[in-house]
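> Encoded as structure tokens, here's the structure I'll be asking about.
The values are calculated or read from the model by the stated rules, or taken from the named source; none is laboratory data. These numbers come from a predicted model, not from an experiment. Neighbour counts are summed over all protein chains in view; Cβ atoms, including those assigned to glycine, are modelled from backbone coordinates with ideal geometry. Note: areas computed on protein heavy atoms with side chains; ligands, DNA, RNA excluded. Shrake-Rupley method; radii C 1.70, N 1.55, O 1.52, S 1.80 Å.
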Amino acid sequence: MANQSSKRIRPGLRTTAAISAGKLAGWATRRLGRGGGTALPGLVAERLDPRLVSRMVGQLGRGAAIVTGTNGKTTTTRMLSAIMQAAGWRVLHNRSGSNLMRGLVSTLISAANLRGGLHEEFALFEVDEAATPAAVKAVQPRLLLINNLFRDQLDRYGEVVAVRRKWVAAINALGANSVVLLNADAPAVASLGLGEHRAKVRYFGLDDAAHNIGVLPHASDALNCPCCGAALVYDVVYSADSGIYHCPNGDFARPTPDYVARQVTLRGPDGSDVLIASPDDEQALTVRVPGLYNVYNALAATAAACELGLSLADAQQGLMAFQAAFGRIERVQIGDKHLLLVLVKNPVGFNEALRMLTPAAPLHLLIIINDLAADGRDVSWLWDVDFELLAGDTTARATTAGLRAADMALRLKYAGVDASRISAAPADNLRAALDLALAATPGDATLYVLPTYTAMLQLRALLGDMGVVGRFWED
Amino acid sequence: MSATLPHHEMSEKGEPFFAPTNNEAGLPAQPDVSVKGEPLFAPTNNQAGLQAQPQHSALSTQHSALIHVAFLYADLMNIYGDRGNTISIAQRCKWRGIGVSVERVSVGDPLDTDKYDLYFFGGGQDQQQEAVAADLQRDGRGTRLRQAVEDGAALLSVCGGYQLLGHYYQPHNADKLPGISLFDAYSVAGPTRFIGNMVVDSEQFGRLVGFENHSAHTYLNKGLPPLGRVTVGHGNNGEDGWEGAVYKSAIGCYLHGSLLPKNPPVADWLIERALIRRYGNVTLPPLDDTIEVKAHDAAIERAKATH
């Protein structure tokens with residue numbers, strides 16, 4: 001952008017002090033080995049200058065975008081970032097999953113010079129559901145992308161309805177030049193487009209009857225018409241609450257998507273092929289991470305890129321370069337044993353992971369369940385997951401670990417996994433659990449490791465200590 | 001191809017409520033909980049990999065036993081994994097060779113109180129709770145459910161379901177929701193939400209553990225016994241130290257978790273009461289609860305550590 005220098009902020013003493021203090025805090029936490037230093041710097045700087053985010057984002061020549069949703073926001077954000085980078089944009093991106101306001105601030109100050117200047121020209125933020133209204137107000141993004149809404153960590157967010165209410169507030173805070181991009185196939189998200197607001201509404205959705213699963217899974221939410229309350233009728237069901245639906249009284253129906261994915265071919269753990277159509281073009285794309293949910297993520301990222309002025313060809317190039325986010329799906333090798341790590345954070349994501357794994361039965365599993373704040377302190381959600389998929393000979397061996405190892409073992413027993421195939425490892429010793437699971441896995445089999453969020457962080461640290469993978473903040 | 005919501009299909013066909021939802025990838029068959037009319041305490045069906053449990057002959061093997069469970073408003077009141085309670089009932093019956101059918105009964109469905117021996121009524125979100133409260137007032141359904149408990153049916157209600165079985169629930173900024181007065185109790189939205197692990201000492205069932213998540217405060221009128229005394233957490237209202245209520249064979253409580261899998265004495269009491277309603281006096285043979293006891297004890301340790 002030619003005239004962006006005129007927009008550059010003239011940071012006052014307050015901004016400079018905030019940035020310096022934040023940078024110092026980040027350096028200190030890393031030196032002390034307290035993690036990646038991703039949250040504290042933001043906390044410090046935000047205290048010193050509450051308007052820091054809007055001041056810093058205001059100088060960016062290409063603006064900013066925000067991605068939120070229950071599942072897939074990290075993957076979608078990374079896909080969108082990969083597309084932009086393939087198109088030559090200099091993108092700032094909160095990559096380490098630090099997605100509360102202070103994480104945004106930390107991302108900005110670690111990239112900025114001491115006067116608050118940024119080399120990047122676009123900011124891409126993955127934002128926590130509940131933090132979205134505050135982030136939209138501070139960032140004033142050109143685009144807000146909302147993927148889906150599932151029950152996730154309800155003890156932290158209150159109820160699904162409350163999250164939706166926050167999103168309504170976020171959309172109302174967008175200006176007339178902004179776009180809100182919504183998943184047409186998820187009624188709780190699509191219906192956000194109905195309200196009175198200034199932003200333009202765009203939809204994305206899947207049109208492929210070959211992936212109709214017929215019946216809604218148990219872990220489904222928000223099945224009522226937002227206008228009259230009648231139960232929505234699904235003509236096609238793709239997953240949890242996604243599909244093609246209508247209100248029996250004609251008050252609401254799945255909006256016609258502006259961006260459509262067709263002819264989806266799932267190629268197991270290797271990924272998928274898909275044809276994506278925009279309002280004026282279409283393009284065959286390859287998605288290099290598995291499962292239908294990643295087709296949705298790629299579709300959302302592609303639609304966002306097009307709305308921001310990029311092309312389907314840019315999307316195709318970017319998605320070819322895309323790598324899965326850390327720990328969400330990752331292959332590692334320990335000695336002669338192969339491990340596939342899949343992050344699980346809620347019933348819908350867990351069901352998707354199980355659906356992806358069951359064709360590889362008999363399975364050797366290590367399931368690590370923690371109940372810290374970032375995991376959800378209530379483990380009731382384990383009973384919403386369809387572990388019945390693992391019953392009988394589908395499971396060769398299941399080791400359960402983490403703070404809630406015993407709960408997980410119990411869940412598997414009631415799902416119909418024979419008790420003799422289940423071992424609960426001590427809750428306080430992840431190394432012992434890993435050794436136990438590895439010892440039970442034959443050399444030619446893969447150990448599938450399913451950790452919750454904090455369990456994944458612990459596992460990464462453990463694997464790092466064992467010299468297996470690098471620490472996550474180096475990525 | 002047309003697909004309606006599952007509770008319609010399930011209630012019509014009387015299928016298990018956690019039937020396979022996706023067979024696109026040739027997924028394995030699910031455990032069939034609708035084991036109807038099998039001989040009492042006959043060898044368990046091991047096709048689905050259920051472990052063999054000790055066989056007992058405390059009851060006559062001459063006739064079959066079968067209980068009918070109604071999962072009330074399963075589509076609307078199923079938050080926080082409460083379906084684990086019906087999974088527990090179904091499996092613990094099955095491991096003993098007792099037939100069990102679990103059927104979903106939701107808004108507008110017929111409620112055949114002659115048929116059901118055991119009811120489960122879970123928690124839901126505000127909007128759903130309104131629809132359910134209204135449905136309970138229709139066609140004398142609430143009165144019939146109350147009468148069923150008077151006549152010996154077993155019932156477990158958790159959170160939102162528990163609230164609607166009292167006289168009323170008064171939410172924050174909305175109209176009072178009428179209850180069906182099965183429990184002599186009432187609920188009022190409180191200023192803060194009680195969220196966290198909970199441990200309750202019950203004279204009848206021993207130490208119970210679960211997870212509470214509610215903003216309503218429930219008050220029992222004099223004469224209605226509570227389920228137990230809270231040792232970790234808040235319980236009914238965070239003031240009087242009590243949790244839950246027990247009336248005849250009906251339990252109301254705030255214990256998610258799910259409650260029954262980690263607290264098998266409560267599950268077995270409900271099964272026993274359901275069998276007694278149908279067959280008269282019975283004694284349930286014990287099961288191997290090693291994994292259950294470990295999960296129960298570990299959850300109590302976790303509750304103490306997080307409080």
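> Scanning for something facing chain B (nearest Cβ under 8 Å), crowded, with 23+ Cβ neighbours inside 10 Å, closer than 22 Å to A:Y293 by Cβ and in contact with a Phe, Trp or Tyr (Cβ under 8 Å, 6 or more places away or on another chain), does segment A:371-380 turn up at least one residue?
no
> Now, a different point. Considering only segment B:108-127, how many residues are surrounded by fewer than 24 Cβ atoms within 10 Å (Cβ to Cβ) and hydrophobic (A, V, I, L, M, F, W, C)?
1
> Please give the number of the condition B:V209 fails out of (1) open to solvent by less than 30 Å² (accessible area, probe 1.4 Å); (2) away from chain A (no Cβ under 14 Å).
All conditions pass for B:V209, except number (2).
> With the condition kept exactly as written, say whether any residue in segment A:38-61 is modelled with pLDDT under 80, small (G, A, S) and surrounded by 22 or more Cβ atoms within 10 Å (Cβ to Cβ).
Checked segment A:38-61: at least one residue is modelled with pLDDT under 80, small (G, A, S) and surrounded by 22 or more Cβ atoms within 10 Å (Cβ to Cβ).
> Here is a follow-up. How many residues, within segment B:254-301, are closer than 16 Å to A:D371 by Cβ, touching a residue at least 24 places away in the same chain (Cβ under 8 Å), surrounded by fewer than 21 Cβ atoms within 10 Å (Cβ to Cβ) and within 10 Å of chain A (Cβ to nearest Cβ)?
0
> Let me ask another. Of these, A:L434, A:L450, A:L438, A:L462, which one is more than 14 Å from chain B (Cβ to nearest Cβ) and either part of a loop (DSSP other than H, G, I, E, B) or touching a Phe, Trp or Tyr at 6+ places or on another chain (Cβ under 9 Å) (or both)?
A:L450
Residues checked against (1) more than 14 Å from chain B (Cβ to nearest Cβ); (2) in contact (Cβ under 8 Å) with a residue 12 or more places away in the chain; (3) open to solvent by 40 Å² or more (accessible area, probe 1.4 Å); (4) not charged (D, E, K, R):
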residue: A:L299; (1), (2), (3), (4): yes, yes, no, yes
residue: A:L312; (1), (2), (3), (4): yes, yes, no, yes
residue: A:A315; (1), (2), (3), (4): yes, yes, no, yes
residue: A:F322; (1), (2), (3), (4): yes, yes, no, yes
residue: A:V332; (1), (2), (3), (4): yes, yes, no, yes
residue: A:H338; (1), (2), (3), (4): yes, yes, yes, yes
residue: A:L357; (1), (2), (3), (4): no, yes, no, yes
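This table checks each residue for (1) at pLDDT 95 or above; (2) away from chain B (no Cβ under 14 Å); (3) surrounded by fewer than 20 Cβ atoms within 10 Å (Cβ to Cβ).
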{"position": "A:G88", "(1), (2), (3)": "no, yes, yes"}
{"position": "A:L108", "(1), (2), (3)": "no, yes, no"}
{"position": "A:N113", "(1), (2), (3)": "no, yes, yes"}
{"position": "A:H119", "(1), (2), (3)": "no, yes, yes"}
{"position": "A:N148", "(1), (2), (3)": "no, yes, no"}
{"position": "A:R151", "(1), (2), (3)": "no, no, no"}
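> Would you please name the residue that is surrounded by the fewest Cβ atoms within 10 Å (Cβ to Cβ), looking only at residues in segment A:193-244 that are more than 14 Å from chain B (Cβ to nearest Cβ) and aliphatic (A, V, I, L, M)?
Taking the candidates together, the pick is A:L194.
> So in segment B:83-129, with the set limited to residues that are more than 27 Å from B:H172 (Cα to Cα), in contact with a helix residue (DSSP H, G or I) (Cβ under 7 Å, 6 or more places away or on another chain) and of a type in the set (S, T, N, Q), which one is farthest from the other protein chains (Cβ to nearest Cβ)?
B:T113
> Give all pairs with beta carbons closer than 9 Å in which a residue from segment A:407-428 that is more than 7 Å from chain B (Cβ to nearest Cβ) and assigned to a helix (DSSP H, G or I) meets a residue that is acidic (D, E) and surrounded by fewer than 24 Cβ atoms within 10 Å (Cβ to Cβ); count only pairs at least 6 apart in sequence or on separate chains.
The qualifying pairs are A:A415/A:D386.
> Now, a different point. Quick check on segment B:181-200: of everything there that is modelled with pLDDT under 95 and more than 14 Å from chain A (Cβ to nearest Cβ), which residue is farthest from B:G244 (Cα to Cα)?
B:P191
> Going by the conditions given, is B:E130 acidic (D, E), modelled with pLDDT of 95 or more and open to solvent by 60 Å² or more (accessible area, probe 1.4 Å)?
Taking the combined requirement at face value, the residue does not satisfy it.
> Out of segment A:262-297, which residues are crowded, with 23+ Cβ neighbours inside 10 Å, under 19 Å from A:V179 (Cβ atoms) and in contact with a helix residue (DSSP H, G or I) (Cβ under 6 Å, 6 or more places away or on another chain)?
Of everything in segment A:262-297, those that are crowded, with 23+ Cβ neighbours inside 10 Å, under 19 Å from A:V179 (Cβ atoms) and in contact with a helix residue (DSSP H, G or I) (Cβ under 6 Å, 6 or more places away or on another chain) turn out to be A:I276, A:N297.
> Can you find even one residue in segment A:166-177 that is modelled with pLDDT under 90, assigned to a loop (DSSP other than H, G, I, E, B) and either more than 11 Å from every other protein chain (Cβ to nearest Cβ) or buried (at least 24 other Cβ atoms within 10 Å of the Cβ) (or both)?
no
> Residue by residue through segment B:150-183, note down the ones that are among the β-branched types (V, I, T) and either touching a Pro at 6+ places or on another chain (Cβ under 8 Å) or surrounded by fewer than 24 Cβ atoms within 10 Å (Cβ to Cβ) (or both).
B:I180
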